[in-house]
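Take a look at the structure below.
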Amino acid sequence: MPEPDMPDQNSLLACRRVWKLYGHETGRFLAERGGTASLAELAAAGIVPAVLDIDLDIARGETFVIMGLSGCGKSTLMRCMAGLIEPTAGEILFEGRDLSKLPEPEMIQIRRHKMGMVFQHFALLPHLTVLGNVAFPLDVQGVSRAEREKRAREMIELVGLKGREGYLPRELSGGQQQRVGIARSLAVGPELWFLDEPFSALDPLIRREMQDELIRLQSILHKTIVFITHDFAEAERLADRIAIMKDGRIVQVGTAEELIVNPATDYVRAFTRDAPRARILSARAVMRPVNGTEGVAGSVPANARVASFAQRVEATAGAWAVIEDGRVLGMIDRAAMMDVLVGRDVARRGAPGQPS
């Protein structure tokens, strides 16, 4: 299991050796083996593994995407994080406190006031209007009618549904219904926002529109977001960092660029194979070392994405300098562009953390 790669003091949410197993006396089974077990041991005991020995930290204000194929354990891990199900072993730390050790009334208050959730299925109350659905969690909290409707109207406007407050769910499109779900989850002002494949049931164009909407909302609200998906294209659009899961374990955590440049396993490489590399990779990731004798046709910033300068490099025969803080870090030429376009391994060209 990889070590957590983010400082503890910066995290809002953390997992420490989290397991979730289904079967007979799973906690005892794990404890008798010193808190660990192989897949073969679990299978022999008739135990179904869902989440296996997870360690990670999620920073305040971060959009952290967990992805993997169906059945890999990503939704189960999220439900453990949200306190909806109790892990078999390990700790879920929210603001440094283990959720499993909190009294149930306090846990209920945290879920009502500090956490928001949006699921794939909108789960709107069919007999309530848009306004009623968005205000519902505030009603549960005991907020006065005037205050909860004021807050609900603000959230409805925020997600672009102003003027539809009196509509029933059946009178809305799928994308509009999901916006209601988002507004409802935001009404309580959560610090931590869980989204479990919220756009996967939507048509492709509406799905992209909702991704744009989430990016817009995050630029305004700066929430800590845990987002579940099985789509790498969606993950790279939304995420600050991505965790890829397989068979209940986290295989690798990193930015989209890091996962493409330095995949830890063939499984990660397969997930990123069809990624839009020109949009994701930076000049730093595709540069090669300076040889000291070539002419320079121009320069590009080290953090510039390939798509922003590819045409300029393609149009010239010479190499372009990759610049950061006035220093030349490396060079980019047509060969580097071709590597990006055809998906050849860019690590050999001197990407960060790789030998030149």
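Values in this text are rule-based calculations from the coordinates and carry no lab data. Here the structure is a predicted model, which is why all the values come from computation and not from measurement. Using ideal geometry, Cβ is built from the backbone for each residue, glycine included, and neighbour counts are taken over all protein chains shown.
Quick look at the numbers
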read-out	value
Additional length obtainable on full extension of the chain from residue 219 to residue 269, 0.36 nm per residue less Cα span	15.0 nm
Order of 64, 119, 271 under a 10 Å beta carbon neighbour criterion, fewest first	119, 64, 271
Least to most buried among 22, 267 (fewest other Cβ within 10 Å first)	22, 267
The range 133-188 and the range 36-88: distance between their alpha carbon centers, rounded to Å	32 Å
The chain: translational diffusion in µm²/s, Stokes-Einstein, Kirkwood Rh over Cα pairs, 25 °C, 0.890 mPa s	109 µm²/s
As computed over the range 277-349, the Cα convex hull volume per residue (Å³)	76 Å³
The range 100-122-the range 288-314 distance, computed between alpha-carbon centres (Å)	49 Å
Neighbour-count ranking [beta-carbon atoms within 10 angstrom, fewest first] of 75, 282, 219	219, 75, 282
Additional length obtainable on full extension of the chain from residue 24 to residue 140, 0.36 nm per residue less Cα span	38.2 nm
Percentage of interatomic Cα-Cα distances in the range 60-272 larger than 28 Å	31 percent
Residue 44 versus residue 255: modelled label distance in nm, points set 7 Å from Cα along the beta carbon direction	4.5 nm
Lysine pairs with alpha-carbon atoms under 13 Å apart, the chain, spacing 8 or more or separate chains	4
